[in-house]
Structures are given as C-alpha cells and as structure tokens.
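Q: Input: one structure, supplied below.
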C-alpha cells in the first residue's frame, strides 16, 4: 500500500474569502512597516519600505490577501504587512550586496592607479561602433552573432544557411571591420 502524498490531507491554503483593501488603507499602516524595518540602515530603509508597499499592493491585486474573518480588519492588515516587511527585511539583511558591500574603492589605500573612465578606451569604443554602423546589415549581424550564447552552427540553422557560409560571412565581416578601422586610424 502506498503512502499518501505529502499535504494530501491538508485543507487548501486559501480558506478565507479575498479582501481588497485600498492603497490608502495600506499606506495608513506605514508605521508598522517602518517599525519592522528598524534594523535596516537608514540609507536603504526607504527603498525596502517602497518594496514592501509595492509587494503588498501587488498581492492584493492578485487576490492573495485573505485575512481571517474573526480578526478585526485593521489588525489583520497590520499582521499581514508586518509579515511582508519581516520577510523582505530578512532578504535584505541576508543578501550578498549587504554582506559584501565595499563602500570605498580602496578601503586599505592599496589602489594606486587613478580611478575613473579611461578616455582613450571610450574613443576607441566609439570608433569601433561607428565602423560597425557603416558595415552592411548582413556583416553587422555576422559580427554580433559572436556575442550570442548560441553556437555558429545554431546561428546558421536559425537563418537557414550552411554553417560554412555563416563562417565565411563572419570571416568577411571581420576583415571588413578591420579594414575600416585601419583606414579611420590613419
């Protein structure tokens, strides 16, 4: 005799009727949200609070707010918002961003190189983009296929061409791009 599957004898999770509190009612209970988020640094508290309110509103719109009818409406809403805020605060505190945040690029003063944008690299990148823009569309497409996660064979099949033709087009496009860059840099 087989065991009943897990949770087969339990009643469904949504036993109570759906309620749709207004956004004004949710915003009126910001105090409980802010009290729950008290352990989060002040610089991030407003962002997490906004995320709590947005998640609460989206859950109401999806019909996921189903309070126990025996509870007072305000108490039920406060308990529900506290739960959402508590979960999001937990996610925030345990996130990799918070655990590994580096607030200064050189906290130990070890960085000796200048920090910032390399203007020479920006100019070269613009030259390459301009050269690519001047190529025919089939050559641009072939060059951009190199950055796709799919292989060159899949790229060729998707365009109904022979893989050798796709490789040849890529070679021609690379040569055309190199020639354009060489002419522009003279």
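Bear in mind these aren't lab numbers, they're just calculated from the coordinates by the rules spelled out. The model shown is predicted, which means the values in this text are computed figures rather than measured ones.
Q: For region 23-99, what relative contact order do you get, as a whole percent, if you take Cα pairs closer than 8 Å and at least 6 residues apart? Before the final figure, lay out each step's value.
A: On the way: 47 pairs, mean separation 32.0, N = 77.
Across region 23-99, relative contact order equals 42 percent.
Q: Would region 119-184 count as rounded, prolate or oblate if I go by the C-alpha gyration tensor, calling it rounded below 1.5 in a/c and otherwise prolate when a/b exceeds b/c, oblate otherwise?
A: Verdict is prolate for region 119-184.
Q: Does region 23-99 come out rounded, prolate or oblate, given a ≥ b ≥ c as the square roots of the eigenvalues of its C-alpha gyration tensor, rounded meaning a/c under 1.5 and, failing that, prolate meaning a/b above b/c?
A: Here region 23-99 falls in the prolate category.
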